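Below is one structure, written out as structure tokens; comments come after it.
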Amino acid sequence: MPVTIETIRDAARLIEGAVMRTPCLPAPKLSQLTGAEIFVKYENLQVTNAFKERGALVKLASLSDAERARGVIAMSAGNHAQAVAYHAARLGIPATIVMPEPTPIVKVAATRGYGARVVVSGEMLADAQAEAERIAKADDLVWVHPYDDPAIIAGQGTIALEMLADQPGLDTLVVPVGGGGLISGMAIAARALKPGIRIVGVESELYPSMIAALRGEPARCGGATLAEGIAVKNVGTLTLELVRQHVDDILLVDETALERAVNAYLTRQKTMAEGAGAAGLAAILANPDAFSGQKVGLVMCGGNIDPRLLSSIMVRALARDGQLVSVRITTADRPGILGEIASIVGRAGGNIMEVSHHRLFLNVPAKGTTLDVTMETHDGEHAATILDALENAGHRTERIDLGESRL
């Protein structure tokens, strides 16, 4: 079945009332940060906190009574898994989900919570897919592919219908790319509604599978990425051709850009984005000149991120911005020295968060001591002022990594 604007409109009618029509809103703070006029489509507001519900429901609704009775199987790093599990439970369809071992615990737990049988297998999505195919054959289950299926692609394309209905002036859509289902469906819909619109995909630098496929080259993929939701080694056969026809460009983003984007969504927009969900913003942060002055629509496609990982990203962002500073202070070992240092930091407007006192380091004089101090500051310039005040008082300082200060 070919995917067209009409099949996408049919999909929109099918999911109406069962999948949230999420808002696409201006984001002035992100516009100020990037130099582009940013509009965000908040797919993290879905019941399963990701866009995957759209395609999953369209696919499940297309099954015959006999196929529903057999049950379905899917493989996913999390969001497709939850979407299939949730809507299968709503429709009374038994569901089995195969997930790779590095999948965040929060996603595994959520999928089980929707009533699916969860099988955790393999290091990569490709490994999970092989196991899912084995189980599907052994148990005669209906395969629900995460991206290379016309029904899935049509469902995901409904996002572009809604975005251009809400924000018809958009010049560019920036869309995360894993297997290609989301960008394929959105590109078909957007091109039909607004032929001159620019479609830009974004992949993790560690998993450039779509770019490699377009070039006819083997994909060199691997490594731990924050964007595990788009960490795909093998793109779809159908999606590859659709991307080739309809997508203008694909950009790669590194882990630092992904971290910055996740943090920007949380601190500036007060909304939670997983790494894949923040990939579009990461691309603009990494390539501001390519989007400057344009009206850009971002798909914040998922918000399922481990809270501990999110807290780590926030702390690392504070450190990068100079708002959380760790310093090793070498000074004389005498009574009152800790109070003196605390007073200097306090008078300069800093806030001490943690102190570790060392007397036994061999590179410290016998009558000396070192203090590892972690403090809050306003910014990098303020941190430099505090360190100058410590140096002027006779205390030798050395900036250290936050991780090192806790050894």
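Residues considered: 126, 132, 110, 116. Of these, the only one that is modelled with pLDDT under 95, aliphatic (A, V, I, L, M) and surrounded by fewer than 19 Cβ atoms within 10 Å (Cβ to Cβ) is 126. Is there a residue in region 157-169 that is surrounded by 24 or more Cβ atoms within 10 Å (Cβ to Cβ), in contact with a helix residue (DSSP H, G or I) (Cβ under 8 Å, 6 or more places away or on another chain) and of a type in the set (Ser, Thr, Tyr)? Among the residues of region 157-169, at least one is surrounded by 24 or more Cβ atoms within 10 Å (Cβ to Cβ), in contact with a helix residue (DSSP H, G or I) (Cβ under 8 Å, 6 or more places away or on another chain) and of a type in the set (Ser, Thr, Tyr), which makes the answer yes. Within region 289-312, the set of residues being surrounded by fewer than 20 Cβ atoms within 10 Å (Cβ to Cβ) and either under 30 Å from residue 171 (Cα atoms) or in contact (Cβ under 8 Å) with a residue 12 or more places away in the chain (or both) comprises 289, 290, 292, 293, 294, 295, 306, 307, 309, 310. Considering region 379-399, and only residues there that are farther than 14 Å from residue 347 by Cα and touching a Gly at 6+ places or on another chain (Cβ under 7 Å), the residue that is surrounded by the fewest Cβ atoms within 10 Å (Cβ to Cβ) turns out to be 379.
In region 185-206, which residues are more than 21 Å from residue 166 (Cβ to Cβ) and buried (at least 24 other Cβ atoms within 10 Å of the Cβ)? Spell out the reasoning first.
Keep residues of region 185-206 that are more than 21 Å from residue 166 (Cβ to Cβ), which gives 201-206.
Result: 201, 202, 203, 204.
For region 140-189, a tally of residues being charged (D, E, K, R) and either under 24 Å from residue 261 (Cα atoms) or not in a loop (DSSP other than H, G, I, E, B) (or both) returns 3.
Only residues that are in contact with a Leu (Cβ under 9 Å, 6 or more places away or on another chain) and aromatic (Phe, Trp, Tyr) were counted across region 124-170, and they come to 1. Within region 114-130, residues that are in a helix (DSSP H, G or I) have Cβ atoms under 9 Å from residues that are among the basic types (Lys, Arg) in these pairs: 125/233; 126/233, counting only partners at least 6 apart in sequence or on another chain.
The values are calculated or read from the model by the stated rules, or taken from the named source; none is laboratory data. Every value quoted in this text rests on a predicted model; they were computed, and no experiment measured them. Counting neighbours? That spans all protein chains shown, and the Cβs are built from the backbone with ideal geometry, glycine included.
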